[in-house]
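Q: Attaching a single structure in structure tokens format; questions to follow.
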Amino acid sequence: MDPKAKRTALRGITYGLYIIGTKDDSGVNGFAGNFLTQTSFEPPLVAIAAKEGTRSQKQIAESGVFSVNILETGQKDMVTAFFKSLQPEGNKLAGYEFYTEETGCPIFKMH
């Protein structure tokens, strides 16, 4: 396949950007992710990709849980904030308010 045609085809693949919330005994974290796929209907399961060796990947490996925050159109600023290392400040990460449910992973309040 022609390299230019290959590039064009690959750019046509749609995907979303998500904020993936993680946690362990040291606290919560979040990162911008773009690989999410459904793996099962029953039980409902998804798989994500997390860079090996990162705090978030280690938290997921240790806790076995994560949250998926699906962003609304126009939340580019939010996802951009999660491309870097973060430290929680109370119930905020990167200045964005979150709450937790059963897993303890951050769920972000969408505006």
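The values are calculated or read from the model by the stated rules, or taken from the named source; none is laboratory data. These numbers come from a predicted model, not from an experiment. Here the Cβ is made from the backbone with ideal geometry for all residues, glycine too, and neighbour counts use every protein chain on show.
Q: Scan the range 42-56 and give yes if some residue there is of a type outside the set (V, I, T) and in contact with a helix residue (DSSP H, G or I) (Cβ under 8 Å, 6 or more places away or on another chain), otherwise no.
A: Within the range 42-56, one or more residues are of a type outside the set (V, I, T) and in contact with a helix residue (DSSP H, G or I) (Cβ under 8 Å, 6 or more places away or on another chain).
Q: Search the range 95-107 for residues that are on the phi > 0 side of the Ramachandran plot and modelled with pLDDT of 95 or more and pair each with any residue that is part of a strand (DSSP E or B) and of a type outside the set (A, V, I, L, M, F, W, C) when their beta-carbon atoms are under 6 Å apart and the residues are at least 6 apart or on different chains.
A: Close Cβ pairs satisfying both conditions: G104/K23.
Q: Follow-up. Is there a residue in the range 58-73 that is surrounded by 10 or more Cβ atoms within 10 Å (Cβ to Cβ), more than 15 Å from the chain's Cα centre (by Cα) and in a helix (DSSP H, G or I)?
A: yes
Q: Also: How about the range 39-85: which of its residues are modelled with pLDDT under 95 and more than 16 Å from I19 (Cα to Cα)?
A: T39, S40, F41, E42, P43, P44, L45 - these are the residues of the range 39-85 that are modelled with pLDDT under 95 and more than 16 Å from I19 (Cα to Cα).
Q: Is there a residue being touching a helix residue (DSSP H, G or I) at 6+ places or on another chain (Cβ under 7 Å) and at negative phi anywhere in the range 76-94?
A: no
Q: Which of the following residues is exposed (fewer than 11 other Cβ atoms within 10 Å of the Cβ), over 12 Å from the mean Cα position of the chain (by Cα) and in a loop (DSSP other than H, G, I, E, B): G53, G104?
A: G53
Q: Continuing with this model, one more query. Which residues, counting only those in the range 12-28, are part of a strand (DSSP E or B) and either at pLDDT below 90 or more than 18 Å from D77 (Cα to Cα) (or both)?
A: Hits for the range 12-28 are T22, K23, D24, G27, V28.
Q: Out of the residues in the range 74-100 that are under 21 Å from G53 (Cα atoms) and over 15 Å from the mean Cα position of the chain (by Cα), which is surrounded by the fewest Cβ atoms within 10 Å (Cβ to Cβ)?
A: Here the answer is Q87.
Q: Looking at the range 63-82, I want the residues that are within 13 Å of M110 (Cα to Cα) and have a partner that is surrounded by fewer than 15 Cβ atoms within 10 Å (Cβ to Cβ) and not hydrophobic (A, V, I, L, M, F, W, C) with Cβ atoms under 8 Å, at least 6 apart or on another chain. Which pairs are those?
A: Here the result reads I70/G16; L71/G16, each pair linking the range 63-82 to a residue that is surrounded by fewer than 15 Cβ atoms within 10 Å (Cβ to Cβ) and not hydrophobic (A, V, I, L, M, F, W, C).
Q: Any idea which residue in the range 29-50 is nearest to the chain's Cα centre (by Cα), counting only those that are surrounded by fewer than 10 Cβ atoms within 10 Å (Cβ to Cβ) and assigned to a loop (DSSP other than H, G, I, E, B)?
A: If we take residues in the range 29-50 being surrounded by fewer than 10 Cβ atoms within 10 Å (Cβ to Cβ) and assigned to a loop (DSSP other than H, G, I, E, B), then P44 is nearest to the chain's Cα centre (by Cα).
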